[in-house]
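Asker: The structure that follows is given in the form of structure tokens.
None of the figures in this text is laboratory data; all of them are computed from the coordinates on show. From a predicted model like this one, the values you see are computed outputs, not experimental measurements. We place every Cβ from the backbone using ideal geometry, glycine too, and count neighbours over all the protein chains shown.
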Amino acid sequence: MKFSKLSMIAGFIIAFTLIFELTAHADEDNQSTKITFSEAVQVPGRVLPAGTYQFVLASGDSSRDIVRIFNAGGTELFATLQTIPTQRGRETDGTSITLAQRSGGQPDALVSWFYPGMETGHEFLYSKQEEKELTQDAKQTLVGDHGLMLSSGTTAGGN
């Protein structure tokens, strides 16, 4: 009897460890990141009001360039966006985004998003006309903790 109880306890410990390990890597696989904007931000085809959003890669290897943007709780889908891979000079420990600072009262436009620790990120695809305008706008790259809090007008800080 003692052997079977000991085996059962060891089995539970192993099972718990495996479940915890899978949960710990879930965010890295889908790059789930919460980002809070203090001002409205433009993404391709839509303007997101100020608030907290969850950025998630679509599941599946063939969908690594599709980013879905949900509300903070992940229950309401706001946008499904095509991206292309983009590289940066060095990786950072925090989430990194680049905004194009628009003029004329237009909200800043989200240009790219990098998951913490990754050198390859996601560049958002805009129409040719918007892309042309965005290339002329000043860019601001913001880096913050995983639960990134952003003010699109100034700086970033960790949550």
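Asker: Among the trypsin sites (Lys or Arg not before Pro) within the stretch 30-132, which fall in a DSSP loop and have no more than 13 other Cβ atoms within 10 Å of their own Cβ?
Answerer: Arg90
Asker: List the residues, sorted by chain then number, that are 5 or more residues from Ser32 or on another chain and whose placed amide H is less than 5 Å from its amide H.
Answerer: Under 5 Å from the amide H of Ser32 lie the amide H atoms of Leu57, each far enough along the sequence or on another chain.
Asker: Compute the semi-axes of the equivalent ellipsoid of the stretch 31-157, taking the square root of 5 times each eigenvalue of the Cα gyration tensor, and list them largest first in whole Å.
Answerer: Each semi-axis is √(5λ); the values are 19, 16, 16 Å.
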